[in-house]
Amino acid sequence: MDVYFSPLACSMATRIALAEAGGSANLIEIDPISKTLLATGEDYFAINPLGYVPMLRTDGGELLSENSAILQYVADRFPGSGLAPPTSDRLGRAKLQQWLCFIGTELHKSLMTPLLDSKASDEVKAYAVRRYESRLGYLDQYLAGREFLLDRFTVADAYLATVLGWTQATPQIELTKYPAVKAYLARMRERPSVAAALGVEIPLFRAEIARHKAA
Ligand SMILES: N[C@@H](CCC(=O)N[C@@H](CS)C(=O)NCC(=O)O)C(=O)O
């Protein structure tokens, strides 16, 4: 199984999920600016015409894109991991999908993507905060008194920990306004799978910045 990733991007959720499952994959780094495979210089658009990560190639050679699909695939590939409710638990699985969609559409793409985009104007950033910051309030209420999004750690937590981690780079969002979210993120960072993923990806991210500065 191959997983295409860029350091500290949403693809880190898959790395966390693999660590939780005790599974392994070939993790292949993509340079987000040149859209090439860092090791070989190969064109990433030839693998994902949309140019984004994550992308997963199964052992059978099938390509899968989209965090929500990839994370569920990894969870199901390691059924003993408990990273997703079994598909026979229809409501449990729907709730997992509910959270994956919420994280992907409301938090990741609508709120965080514009805030992290160096080319987005201040107006665009202000609009994203005005329009979508309420999602953090909703999440804060939901997480109060809960350890995880569902009744145990799932791939949705891997994704949420990854996306919330980006708030370190977005001064527009003050996490002290959301104490349950802040405490959740601190707890997640202490999990060995998340700490290990950050331990690998922070140095890769720094190397990526240095590479781009030097170019
Ligand atoms: N719809 C995709 C979006 C993935 C995505 O936004 N990936 C970001 C990194 S967090 C990316 O690679 N962006 C680069 C680009 O869009 O060109 C998913 O849910 O997996």
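The values are calculated or read from the model by the stated rules, or taken from the named source; none is laboratory data. Just so we're clear, the structure is a prediction, and the values are computed from it rather than from any experiment. Cβ placement follows ideal geometry from the backbone for every residue including glycine, while neighbour counts extend to all protein chains displayed. Areas reflect the complete protein model, heavy atoms only, side chains present, ligands, DNA and RNA absent. Shrake-Rupley method; radii C 1.70, N 1.55, O 1.52, S 1.80 Å.
Legend: calculated FRET efficiency, residue 105 to residue 46, from the Cβ-Cβ distance at R0 = 25 Å, rounded to 0.05, equals 0.35.
Using the membrane-span-like helix rule (whole DSSP H runs, Cα extent along the own axis of at least 24 Å, mean Kyte-Doolittle hydropathy at least -1.0), which helices of the chain qualify?
192-214
Across the chain, the mean sequence separation of Cα contacts (distance under 8 Å, 6 or more residues apart), normalised by length, yields a relative contact order of 23 percent. Computed per residue of the chain from DSSP H runs no shorter than four, each worth -39500 (n - 2.57), the mean residue ellipticity at 222 nm is -15000 deg cm²/dmol.
When 212, 108 are compared by accessible area of protein heavy atoms, the largest-first order is 212, 108, using a 1.4 Å probe. Taking a point 7 Å out from the Cα of residue 120 in the direction of its Cβ, the residues of the range 169-202 whose backbone N falls within less than 15 Å of it are 169-174. Here the range 164-215 was treated as a single set of alpha-carbon atoms; its pair distances binned every 5 Å from 0 give 4, 17, 20, 20, 18, 12, 6, 2, 0 percent. Taking a point 7 Å from the Cα of residue 209 along the Cα-to-Cβ direction, the residues of the range 90-132 with backbone N closer than 14 Å to it are 118.
Here the dipole of the chain is about 500 debye; that uses its Cα centre as origin and unit charges on the Cβ of Lys and Arg (positive) and Asp and Glu (negative).
Placing dummy labels 7 Å off each Cα toward the beta-carbon, the span from residue 133 to residue 93 is 3.9 nm. Simple point charges give the picture: +1 on the Cβ of Lys and Arg, -1 on the Cβ of Asp and Glu, and for the range 1-115 a dipole about the Cα centre of about 380 debye.
In terms of the mean number of neighbouring beta-carbon atoms within 10 Å, the peptides 170-177, 4-11 order highest first as 4-11, 170-177. Number of Lys-Lys pairs in the chain with C-alpha atoms under 23 Å apart and a separation of 8 or more places or on different chains: 12.
For the chain, what % of the accessible area comes from carbon and sulfur atoms, probe 1.4 Å? Write out the running numbers ahead of the final one.
Working: 5870 of 10670 Å².
Its accessible area is 55 percent carbon and sulfur atoms.
Taking the DSSP bridge list for the chain and keeping only pairs wholly inside it, about 70 percent are antiparallel.
Once you have the Kirkwood Rh of the range 1-102 from its Cα pairs, apply Stokes-Einstein at 20 °C and 1.002 mPa s and quote D in µm²/s. Write out the running numbers ahead of the final one.
On the way: Rh = 14.1 Å.
In µm²/s, the coefficient is 152.
Think of a 1.4 Å ball rolled over the protein heavy atoms: the chain then has 50 Å² of accessible area per residue. The alpha carbons of the chain occupy a box of 47, 46, 28 Å along the principal axes, longest dimension given first. Pairs of C-alpha atoms in the range 72-114 farther apart than 13 Å represent 58 percent of all such pairs.
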